[in-house]
Amino acid sequence: MVEELLIRNGVVYDPINGVNGEKKDICIRDGKVVEEVRNPKVIDAEGRVVMPGGVDIHAHIAGGKVNAGRLFRPEDGRKGREAKTKVCRAQSGYSVPNTFATGYRYAKMGYTFVMEAAMPPLAARHTHEEMVDIPILDNAAMPLIDNNWMTMDYVKSGDTDLLAAYIAWMVKATKGYGVKVVNPGGTEAWAWAKNCDLNDAVPYFDVTPAEIVKSLAVANEKFEMPHSIHVHGNMLGHPGNYKVTTSTYDLVKGITPYRDRPTMHATHTQFHSYGGTTWRDFESKAGAIADYVNKNEHVSIDLGSVILGDTTTMTADGPMEYSLYQITGRKWTNHDVELETGSGITPFLYSGKVSVHTIQWAIGQELALLIKDPWKLALTTDHPNAGPFIGYPIIISMLMSKRRRDESAADMHKVIYDRAELPSIDREYDLYEIAIITRGMTAKTLGLHEHGKGHLGVGADADVAIYDMSPEEHDAGKIQKAFLNTKYTIKGGEVVVKDGEVVAAPAGRTFFVTPECDSKLMEEMLVDLKAKFEHYYSVSFNNYPVQDAYVPNPYEIKAPWRS
Amino acid sequence: MVEITDVVCSLCGCVCDDIVVEVEDNKVTKVKGACAVGKSKLMGHGRIESPAIRENGELRDCSYDEAIKEAAEILAAARRPLLYGWSSTVCEADKVGIELAEEIGAVIDNTASVCHGPSVLAIQDVGLPSCTLGEVKNRADLVIYWGANPAAAHANHMKRYSYISKGYWTEEGKKNKKLIVVDVRKTATAKMADVFLQIEQGKDYLVFSALRALLYGYEDVVPEVVGGIPKKDLLETVKMMKEAKFGIIFFGMGVTHTRGRHNNIVNAIQTTRAAHTHTKFNIMPMRGHYNVAGINQVCTWETGYPFAVDLSRGYAWYNPGEQSATDLLIRRECDAALFIASDPGAHFPGESIRHLAKIPVIQIDPFPNPTTEFANVVIPTAISGIEAEGNVYRMDNIPIRLRKLVDTEYMADEEILERILEEVRAIKEKEGE
Amino acid sequence: MQTIRLKLKEEITSGNAKIPIDVDSLTPDKLFGKNEAEIKAVKVWWGNREENTGDLFDVSVEGEAGSVEEVKIVMEGDLSRVKHIGDGMKAGEIEAIGDVDMHCGAMMTGGKITVRGNADCWAGREMRGGELIIEGDAGDNLCAMYRGEMTGMTGGKVTVGGNAGECAGQYMAGGEILIKGNTSILTGLNMKGGKITIEGDAVMPGADMTGGEITVKGKVLDMMPSFRFVGTTTIEGEEYKKYIGDLAMTEKRAKGVLYVR
């Protein structure tokens, strides 16, 4: 049966196709956007804002550490309880919602794709098991490939072809999407309770984080990978780290990407834009970072913007979480993963009465307002690290309203007027720019625009968000409300949210990349890899790769070797 | 004859995945690399042969259809049903179980509540600094077993992962390592130890606090003997902890089930945190059933909580001690119960068994056990890891896929539960009309 | 004054299974202004189904109330499976005649509850204010936090006529608890504020405390090995040893005070 849908007279913001607030009909057939329809069901979007489904470039929504966060925070679980309905499963949690709530709440905000930002390869099955249980959203996950012993061995030997073969094997074995880097070298050092700065030698491995980042970027570009390397750099959360941040960006300057995109995506940049030398003279260096991004084309960023309130921080950056736990004295979970990575988790409260948190809060927004070209940045909260994803509408309303920012700043620690730039910035985002940083840029940076995501051109997936607001709306409160609960969310041509309620919860698809590598090179690499399994891994080589059963709704993207 | 390599053992939380099995005429005929208990499980033994329903005190064989229908009717009618077990089956089945619990407003609990539930409660108080077993294998130079006796309960644990294993920085195996054992009696594991601390029953909490005080440098306040252990031995232990490059505490039911229960584990974790101010230190529970970690994982991502989850109001309310299976049964709260892949008949206190005798009980299991003797509906299943595949989580939360080795006529857990769920929905729809 | 009598019907707890009833919807503030018929129609959870109060309880209302403070609820019958009595209550009074089930007075912010019998676990959990009197024994986790939280009772007053179970006052941050009998292990665990007085004996009191005050008038069994003796002091004419702790939380955080006779 042919399913047709017509979204009539909406005001459409579709940046990838250059559509900026045009009154336009969207025709849908069999889950795709088409030229015209014959006998459609009609949704009247007259006077309302219409955008492609949101694409989140970086969030922690599934896998071992997210679940460790849920498990050790029953007090967070009881915050978000909602009983099951005919359509929805029972919901729980605020900063670490259960998988069902994750799907429903994103869909209500008009999002239809989320990238799980960190998948420990050895536990990849876990990430996939949870993603299958997240309704509605299409998804993908990035395996961690930077602290791996194999990676460091090849960085040391300088053999980027073998490193590329290892990447190819790993991305395929984990059914992952690309190369994720988290505190390169530092997480391995953390297995001995140590950490690494950008140019420190990793204990026992005789390589530096800088060398790891550069080699991975080179190896990544040997394939037609849809996404660049995705980097959480060294010294996250340390005062004065902005210099490490720009030095990290410099590492990949001059490496040619396979297509028109940056060679590095630098994630949750708020946490990496700190001045000062201690927490006492801590200050914003968003200006310096924005300046770098404005002058260069090889780096894209996402914000990691702070939402005030309680949250659960979690990252593969084990030493960072330990430092945070030492500040708060709250509970702390750590889980180091053999030969590959680690993770830490601790709850955290961002308070507008605390000077450091106030500056952090300002930095995320400053980055968005000081970087001139919105195609270079994405809206994130590094969910749930700087705050839960459910806070995105707050950030949208801040970026769109100088008045709202001023009102908020007035309630916060007065340090905001001395050590942050935010109060002096007048820029306000328009809806087109919001659409760029929540779908256009993110889809393009991930290479998903070529696979139907993040736009509404003919042939695109029929993922549409219809917000219950007029394009002329300037009231920040109303903007926030509209972006929290859509009038309609349509996923693959099916209405999944209507008037802020989930009305259907179909399964999402998992996107994964298969890098294609010369078989001789692969064989050579496998000799080294099998030796690692033989002697050091605690699972066997043949039980390691993620079986097809874990990805029941696959979408494969092939990444050929660049000759 | 077919040889199958890299077989995953579905016995204990070690989930050894390097077993070699020979299969002939659809039967496992030889097992290499497993411990004695694991081998016995893989070789197979007595089965529940047919679905059955109890009538006039006797089990009468019936079809799967009939047993499933009967089970669904019991569950749909219940006001406070309990669904319990889940640790010796695969995650795919656990997921359906949780959906069923939601549908009928049940309490869903798993065997963690009678083994490492206290560890979970402790983690909820202070978190868990831990790692995968391969980290221990490659790095640990100090291994502490506390209230755990792997030589008897997890036979391959020391060889594959800890004291005896060889890894990158531990090429010479136990020559590179020290072993401390803390227990109330000199167990087989204790006999191998460099240091054995014989602790008085129920005094673990005090000893952990003393170690913490010493690790933080307050020797002056600690008395001469704590929990039966002389202070000089505690000081020696602390010295070893501080001098280690990588220490690990493995703890077992000897700590979780003595006086202090989950607070003993809080204190064990606090001790680990204190040691971590000096060097790398980790801690890990010695999980029992092969997938008890898995049901905790699935239950957490689906409901928000790892065990003892009450879905009676349509959303999850979590409070072990209130909603854990034994508490519910001793308090006579339940009016129906489903047990899967577990044997409360053998492991629950007498008071709870007496209540079970009065209410309808459904059993889903490959093997007959004391629970079969009072179950009203008995549904046999395929054995996960031998006749059915699926995901499980090792004690360090590493997911591994069980392999299917032979064919079977028995239905898998997942399918049985799906069928019950379907029937329940049909009954409810009818009632709604 | 208005008295609302709620007597649990006998048949509700006489079956094979004793299924608990949650009565957090039956507090003085929630029933204030309702007549008998309206009270009978208030929903309560009994197992996995919602029922009318009138179907589970015999309900009678005497007198009038001009404010919540004038509302008194008297609960009778077999209350041993009635949970959440006075949970979240803000004002008024509840008198429960007999032993009550878990979470009595949990999260209450004001008003008064008197239990003429024993109270099962979690009585006064996360209590913020008001008064809770338990004439008999209290179960485990009296006035403690909810699972995973780091704050238990913050205000109000609790009196237990008999003994208290494990972990009384865990993560307590304020308010007062008086226990006239003995306490089981770990009273005042993780305590950071407020005051607990135990007239009888206590086992391992004050572990991991970082603030607040515990006084044990009877014996201390298994004194924590991580407290520092700082001298003697006189309370109500009796000499007490004063300890500070818990040093297992590091000296910087060990601001708890434990008085032992």
Problem set entry | All positions within the range A:175-214 that are charged (D, E, K, R) and touching a residue at least 24 places away in the same chain (Cβ under 8 Å) | A:Lys175, A:Lys180, A:Glu188, A:Lys194, A:Asp197, A:Asp206, A:Glu211, A:Lys214
Exercise. Could you list, in sequence order, the residues of the range C:231-255 that are open to solvent by 40 Å² or more (accessible area, probe 1.4 Å) and at the interface with another protein chain (Cβ under 8 Å from one of its Cβ atoms)?
Worked result: C:Glu251, C:Arg253
Problem set entry | Residue, nearest to the other protein chains (Cβ to nearest Cβ), within the range B:153-177, restricted to residues that are surrounded by 19 or more Cβ atoms within 10 Å (Cβ to Cβ), in contact with a helix residue (DSSP H, G or I) (Cβ under 9 Å, 6 or more places away or on another chain) and over 22 Å from B:Ala36 (Cβ atoms) | B:Gly167
Exercise. When B:Asp17 is evaluated against the numbered criteria (1) of a type outside the set (S, T, N, Q); (2) modelled with pLDDT under 95; (3) crowded, with 19+ Cβ neighbours inside 10 Å, which criterion, by number, is the only one it fails?
Worked result: (2)
For this session: For the range A:300-322, indicate whether the set of residues that are surrounded by fewer than 17 Cβ atoms within 10 Å (Cβ to Cβ) and either over 30 Å from A:Ala443 (Cβ atoms) or of a type in the set (S, T, N, Q) (or both) is non-empty.
Result: no
Problem set entry | Residue check for A:Ala68: among the small types (Gly, Ala, Ser) and within 9 Å of another protein chain (Cβ to nearest Cβ) | yes
Problem set entry | All positions within the range B:128-152 that are facing chain A (nearest Cβ under 7 Å), in contact with a Ser or Thr (Cβ under 6 Å, 6 or more places away or on another chain) and closer than 17 Å to B:Cys14 by Cα | B:Leu133, B:Gly134, B:Lys137
Problem set entry | Single match in A:Asp418, A:Asp461, A:Asp426, A:Asp468 (criterion: more than 19 Å from A:Pro52 (Cβ to Cβ) and touching a strand residue (DSSP E or B) at 6+ places or on another chain (Cβ under 9 Å)) | A:Asp418
Problem set entry | So A:Gln326, is it of a type outside the set (A, V, I, L, M, F, W, C) and free of Cβ contacts under 8 Å to residues at least 12 places away in the same chain | yes
For this session: For B:Ala190, indicate whether it is open to solvent by less than 10 Å² (accessible area, probe 1.4 Å), of a type in the set (A, V, I, L, M, F, W, C) and within 14 Å of another protein chain (Cβ to nearest Cβ).
Result: no
For this session: Would you be able to tell me the number of residues in the range A:516-542 that are part of a loop (DSSP other than H, G, I, E, B) and in contact (Cβ under 8 Å) with a residue 12 or more places away in the chain?
Result: 7
For this session: Find the residue count for the range B:332-352, including only residues that are at pLDDT 95 or above, open to solvent by 20 Å² or more (accessible area, probe 1.4 Å) and over 14 Å from B:Ile74 (Cβ atoms).
Result: 1
Exercise. Would you call B:Ala101 crowded, with 24+ Cβ neighbours inside 10 Å, assigned by TED's automatic domain parsing to the domain that holds B:Leu402 and modelled with pLDDT of 95 or more?
Worked result: yes
Exercise. Among all residue pairs at least 6 apart or on different chains, which show Cβ distances below 6 Å where the first residue, located in the range A:37-51, is closer than 12 Å to A:Lys487 by Cα and the second is of a type in the set (Val, Ile, Thr)?
Worked result: A:Ile43/A:Ile7; A:Ala45/A:Ile7; A:Ala45/A:Ile466; A:Arg48/A:Ile466; A:Val49/A:Val11; A:Val50/A:Val12; A:Val50/A:Ile466
For this session: Please work out if B:Ala122 is crowded, with 24+ Cβ neighbours inside 10 Å, within 11 Å of another protein chain (Cβ to nearest Cβ), over 28 Å from A:Pro121 (Cβ atoms) and in contact with a helix residue (DSSP H, G or I) (Cβ under 6 Å, 6 or more places away or on another chain).
Result: yes
Seminar exercise, completed: Those residues of the range A:97-119 that are open to solvent by 10 Å² or more (accessible area, probe 1.4 Å) and within 21 Å of A:Pro347 (Cβ to Cβ) come to a total of 1
Exercise. Looking at the range A:129-153, which of its residues are polar (S, T, N, Q) and in a loop (DSSP other than H, G, I, E, B)?
Worked result: A:Asn147, A:Asn148
Exercise. Which of the residues spanning the range C:205-228 are within 12 Å of chain B (Cβ to nearest Cβ), within 24 Å of B:Tyr216 (Cβ to Cβ) and surrounded by fewer than 24 Cβ atoms within 10 Å (Cβ to Cβ)?
Worked result: C:Asp222, C:Met223, C:Arg228
Seminar exercise, completed: Those residues of the range A:234-250 which are out of contact with any strand residue (DSSP E or B) (no Cβ under 8 Å at 6 or more places or on another chain) and either assigned to a helix (DSSP H, G or I) or surrounded by fewer than 21 Cβ atoms within 10 Å (Cβ to Cβ) (or both) amount to A:Lys243, A:Val244, A:Thr246, A:Ser247, A:Asp250
Exercise. Considering the range C:85-110 alone, what residues qualify as being touching a Leu at 6+ places or on another chain (Cβ under 9 Å) and in a loop (DSSP other than H, G, I, E, B)?
Worked result: C:Ile85, C:Gly86, C:Gly92, C:Gly98, C:Asp99, C:Asp101, C:Cys104, C:Gly105, C:Met108
For this session: Determine which single condition A:Thr341 fails, assuming it passes every other condition in (1) within 14 Å of another protein chain (Cβ to nearest Cβ); (2) in contact with a Gly (Cβ under 8 Å, 6 or more places away or on another chain).
Result: (2)
Exercise. Taking into account only those residues within the range C:3-51 that are open to solvent by less than 70 Å² (accessible area, probe 1.4 Å), among the charged types (D, E, K, R) and within 22 Å of the chain's Cα centre (by Cα), which is farthest from B:Glu103 (Cα to Cα)?
Worked result: C:Asp29
Exercise. Tally time: how many residues in the range B:115-132 are under 25 Å from B:Asn156 (Cβ atoms), among the aliphatic types (A, V, I, L, M) and out of contact with any strand residue (DSSP E or B) (no Cβ under 8 Å at 6 or more places or on another chain)?
Worked result: 1
Exercise. Is one or more of the residues making up the range B:200-210 hydrophobic (A, V, I, L, M, F, W, C) and surrounded by fewer than 22 Cβ atoms within 10 Å (Cβ to Cβ)?
Worked result: no
Problem set entry | the range A:246-261 residues that are in contact (Cβ under 8 Å) with a residue 12 or more places away in the chain and over 15 Å from A:Ala219 (Cβ atoms), paired with ones that are aromatic (Phe, Trp, Tyr) and buried (at least 16 other Cβ atoms within 10 Å of the Cβ) (beta carbon under 9 Å, 6 or more apart) | A:Thr246/A:Tyr292; A:Tyr249/A:Tyr292
Problem set entry | Residue list for the range A:370-395, filter: open to solvent by less than 10 Å² (accessible area, probe 1.4 Å) and either charged (D, E, K, R) or farther than 22 Å from A:Thr312 by Cβ (or both) | A:Ile371, A:Leu377, A:Asp382
For this session: Could you name every one of the helices (runs of 4 or more DSSP H) located completely within the range A:412-482 that has at least 1 residues being among the small types (Gly, Ala, Ser)?
Result: A:431-435, A:441-445
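The values are calculated or read from the model by the stated rules, or taken from the named source; none is laboratory data. These figures come from a predicted structure and were not determined experimentally. With ideal geometry, Cβ positions are generated from the backbone for all residues, glycine too; neighbour counts draw on all protein chains shown. The protein model used for the area step is the full one, side chains on, heavy atoms only, and it has no ligands, DNA or RNA in it. Shrake-Rupley method; radii C 1.70, N 1.55, O 1.52, S 1.80 Å.
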